[in-house]
Structure formats: structure tokens, C-alpha cells
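Asks: This is the structure, below, for whatever I ask next.
Please treat every number below as a calculation from the coordinates, not as lab data. These numbers come from a predicted model, not from an experiment. Cβ: placed from backbone, ideal geometry, glycine included. Neighbour counts: every protein chain shown.
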Amino acid sequence: MSSLLCALPTVFSIGLQRQLAYRWNYLLRALFSAVPLLVSWVFWEAVFQGKETVGRYTLAGLLTYYAVLLVVEAVSSPADDDFQISREIREGMLNPILLRPLPYGLYRGALFLSGRCAYLVAAFIPVLLCFFILSRVVHLELASFDILHGLPALFGSALLQFSLTLCLSLTSFWFLDISSLIFLVYSLEFLAGGHVFPLDLLPAPLFTAARLLPFAYEYWFPAAALCGTLSHREWQIGIGMQFAWAIFFLFLAHLLWKAGLRKYTAAGG
């Protein structure tokens, strides 16, 4: 246990140093992530012509939601973790990791956390700049921000996205190329996760169906929790679903890891 506790900070430190080497890439990525926000602004301004509200949202409320999505992405979205894990499996790079007492899931979790911290450092100024520019043009609904409900939802989003990424990546034990599978899941996350529009604008039956899937709890739920548009009961149900899906994917990843090791040939590393 003591060796495990010592290893995790070391892995995090090494991962942080490695990720900060690409800080300019993260900075550019954060800058370009503001482009969908500008597109959404133009689109929803046209939709709101002659209307005060669409569903439960005002124009300011919708733009606040999209701006908060930038924060959610910065905190919880994986940055190439899936392809890194896949490469480690395919190229036999697991060999030195298997010889150490640190479980692979914790090892990748520490690297995921270091990557998120590095991205936050690089993305802080662009995200802050987007909020400032947007607030000069539109009166954002920042007064309703709910940090108490939002922070646990952000943590749950990061845990859910890490666990799902780990599951997808571990299929590399069986498949030579998992890029098609990854991009398929990313497309579902984009459509069913609340990137295109807040999920609560869907008709009631579709909204109910969307909340049964894990994708809603990656982006829409933490963004809605931060914006303060959820009741306490809705937040409780959402947190329960979010962590239930995260635990399910972590358990599935454990099973995939155990089964995959029986196929692993350790060639090349």
C-alpha cells in the first residue's frame, strides 16, 4: 500500500511534465473550441427572432449553457488517452507496467488527471476570454451558477469519461484498429450528450430516453448543474445515474483487462 501511495504522485508528476510539453497545442485547441460557441450564437439568434424563450431557455440562458460546456470539456474530456492505451497494448509497451505493483487502471487514471490539469492551465485564459467577450455582448445568466451541485457533477463527468475511454481502449486486445469504434462513440457523445443543444429541449419521450444513456451525464448534466437549471431532485437522480454508469464501465474495464491479459503476447515492448 505504501509503495502504491508513493507511485501515484510520481506517475502524476511525470505525466504532468509530459503533457505541459504540449501546452501550445492545448492552447490552440482551447482557442478553436470557442468556434462552435460563435456558431451557436449566430444560429440561436436566428431561432429567437421574435421569441422571448425556446422551451425553458432564453437566448442568454442558452449561450450561458454553451459557454459552460467549454468549462466541462476542459475539466473532463480525455485528450488522446484512448489512442495512447491502444498503442501501449498493440506495441507491447505494457511490459514494464505489468512488472510494477501499480494497477494499470490507477496508472492511467493518474495520467488522465495530469492531462486534465495541463489542459486546464493552457485553456484557462482562452476560456476566460470567451466568457468576457460574450458577456460584453449578451447578458449571461451567471447569477444562477450553482457550484455546490456543479462540482460533484463535474467530477462525475470526468470519472465517467475516463471509465468509458478505458473500456473502449482495452478492446485493442482483440482489435487491431479501434479508431472507428472510438469515433462512433464520440459521435454519439456529441449528439446525445448535449453538444448540439441542451437535451431538455427534446420532446419528453426522447428526453427520457436520452437520460437513460451514459452520454447525457458526460456533458449536458454537469453543464445544467453548473447553470443551476436543475431541481435538487433532478440533480440527485442525475448524480446517481452518472456514478452508476461510471462504476459499470470501471467494472467492465476490469473484466476486459483480465480477459485481455490472457491474450496479450507482450511482443515488441
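Asks: Going by Cα centres, the stretch 137-171 and the stretch 206-269 are how many Å apart?
Replies: Between the Cα centre of the stretch 137-171 and that of the stretch 206-269, the gap is 11 Å.
Asks: Order these peptides, 147-157, 58-68, 250-260, by their mean beta-carbon neighbour count within 10 angstrom, highest first.
Replies: Values: 147-157: 19.0, 58-68: 21.5, 250-260: 15.5.
Averaged packing, sorted descending, gives the order 58-68, 147-157, 250-260.
Asks: Okay, next question. Working only with C-alpha atoms, what are the Rg and Dmax values of the stretch 136-269, expressed in angstrom?
Replies: Rg then Dmax for the stretch 136-269, in Å: 17.6, 58.
Asks: Mind running the shape call on the stretch 202-269? Use the C-alpha gyration tensor, a ≥ b ≥ c as the square roots of the eigenvalues: rounded below 1.5 for a/c, prolate if a/b tops b/c, oblate otherwise.
Replies: Values: a/c = 3.20, a/b = 2.87, b/c = 1.12.
Because a/c hits 1.5 or more and a/b exceeds b/c, the stretch 202-269 counts as prolate.
Asks: Within a 10 angstrom radius of the beta carbon, how do Leu94, Leu38 rank from fewest other beta carbons to most?
Replies: On the way: Leu94 18, Leu38 13.
In increasing order of surrounding Cβ atoms, one gets Leu38, Leu94.
Asks: Taking other Cβ within 10 Å of each residue's Cβ, how do Cys117, Cys227 sort, fewest first?
Replies: Values: Cys117 16, Cys227 25.
Arranged by neighbour count, lowest to highest, Cys117, Cys227 become Cys117, Cys227.
Asks: Please report the Cα spread of the stretch 142-211 along all three principal axes, rounded to whole Å, starting with the longest.
Replies: 49, 28, 18
Asks: With a cut-off of at most 16 other beta carbons within 10 Å, and DSSP calling the residue loop, which GluC sites (Glu not before Pro) in the stretch 57-144 qualify? Please list them. Numbers along the way, then the final one.
Replies: Numbers: sites: Glu73, Glu88, Glu91, Glu141; in loops: Glu91, Glu141.
Passing sites in the stretch 57-144 are Glu91.
Asks: Hey, got the Cα dimensions of the stretch 56-128 along the principal axes, in Å, largest first?
Replies: Largest to smallest, the principal-axis extents are 55, 23, 19 Å.
Asks: Taking the number of other C-beta atoms within 10 Å as the exposure measure, put Trp245, Trp220, Trp174, Trp44 in order starting with the fewest.
Replies: Values: Trp245 22, Trp220 26, Trp174 12, Trp44 16.
Neighbour counts put them in this order, fewest first: Trp174, Trp44, Trp245, Trp220.
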